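Following: one structure in structure tokens, then a few remarks.
The values are calculated or read from the model by the stated rules, or taken from the named source; none is laboratory data. The shown structure was predicted, so the numbers you read here are calculated from the model rather than taken from an experiment. Because the Cβ atoms are built from the backbone with ideal geometry, glycine has one as well, and the counts that use them run over all protein chains shown. Heavy atoms of the whole protein, side chains included, go into the accessibility calculation; ligands, DNA and RNA do not. Shrake-Rupley method; radii C 1.70, N 1.55, O 1.52, S 1.80 Å.
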Amino acid sequence: MSQHGLLAGLTRADLYTGGRLVQLRPNAADVVGQFLHTRGCHVCVVSVNWSADFIRGALDASGVDSKLIRVYCNDLDFDTSTGVSSGKVRPRLVVAGDKVAAIAKFKNEIRQQCGGDPLLVYAGDSLTDLPALLLADIGLLVGQSSRVTRWCHQLGVEFGKPRTSEGNRILYRLHDWASAPRLIDQAVGRAHL
């Protein structure tokens, strides 16, 4: 993308407007909004996308207040005097390990801000999400990725079964975002038994 300058000439406002055209998965905005308004919950987006402004546009268009969410992603270079993009992407999140580092940073920020050890729930849908899904206290595999499912099988990870050797971390399949609160409550309840 950088090599061909596909995003050259765009402003942050252009990217935000473009993001507003994106439709989130069904029920995703409702669930994220619910967690944003739950005391003690902090939400972040970790994405290999090339623009936080684009992500914020998609969230705001779906009724989620993006100002309440930390966004970790790549970003474009902008001319400081004109506000216009050169089209070059500043890579911050490229591989799965970058996502793991971003969630570790987020968890540490919350730990410092609130104290204690925060419960980490991570939702993802691709192979680059798999390490973060497995490191989260509660991982939510969104959709039907056969590649992620195959890797889980090869690693001996069973969906919906706590991994006792890993502090009872658990990975669920999330077919519909509306079921996320129930799965999280179920996992949290199981951890307190």
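Along the stretch 10-15 the Karplus relation, 6.51 cos²θ - 1.76 cosθ + 1.60 evaluated at θ = phi - 60°, assigns HN-Hα couplings of 8, 9, 4, 5, 4, 5 Hz to successive residues, with x for each Gly and Pro.
When each of the peptides 78-84, 31-37, 54-60 is scored by the mean number of other C-beta atoms lying within 10 Å of its residues, the order from highest to lowest reads 54-60, 31-37, 78-84. Value of Rg to Rh for the stretch 68-147, rounded to two decimals, is 1.07; Kirkwood radius and Rg both from alpha-carbon coordinates. At 4 °C and a viscosity of 1.567 mPa s, what translational diffusion coefficient does Stokes-Einstein give for the chain, taking Rh as the Kirkwood radius over Cα pairs? Give it in µm²/s as a whole number. Value of D from the Cα-based Kirkwood radius: 73 µm²/s. What the Cβ-Cβ distance of residue 175 and residue 23 gives, at R0 = 30 Å and to the nearest 0.05, is a FRET efficiency of 0.95.
Considering only alpha-carbon pairs that sit under 8 angstrom and 6 or more positions apart, the relative contact order computed for the stretch 1-160 is 20 percent. Expressed as a whole number of Å, what is the distance separating the alpha-carbon centroids of the stretch 111-175 and the stretch 1-45? Measuring centre to centre over Cα atoms gives 22 Å.
A dipole drawn for the stretch 1-105 from +1 and -1 charges on Cβ atoms has a positive end, and of 69, 6, 86 the residue lying farthest that way is 69. Per-residue ellipticity at 222 nm computed for the chain from its helices equals -11500 deg cm²/dmol, with DSSP H segments shorter than 4 residues left out and the rest contributing -39,500 (n - 2.57). Rounded to a whole number, what % of the accessible area of the stretch 73-165 do carbon and sulfur atoms account for, probe 1.4 Å? Carbon and sulfur together cover 54 percent of it. Charge dipole (Cα centre; +1 on Lys/Arg Cβ, -1 on Asp/Glu Cβ; no other charges) of the stretch 1-108 amounts to roughly 380 debye.
Binning all Cα-Cα separations of the stretch 18-90 at 10 Å, short to long from zero, yields these whole-percent fractions: 19, 46, 26, 9, 0.
The charge dipole of the chain, taken about the Cα centre with unit charges on the Cβ atoms of Lys, Arg (+1) and Asp, Glu (-1), comes to about 340 debye, rounded to the nearest 20.
Entry comment: accessible area of the stretch 103-156 is 52 Å² per residue, from protein heavy atoms only and a probe of 1.4 Å.
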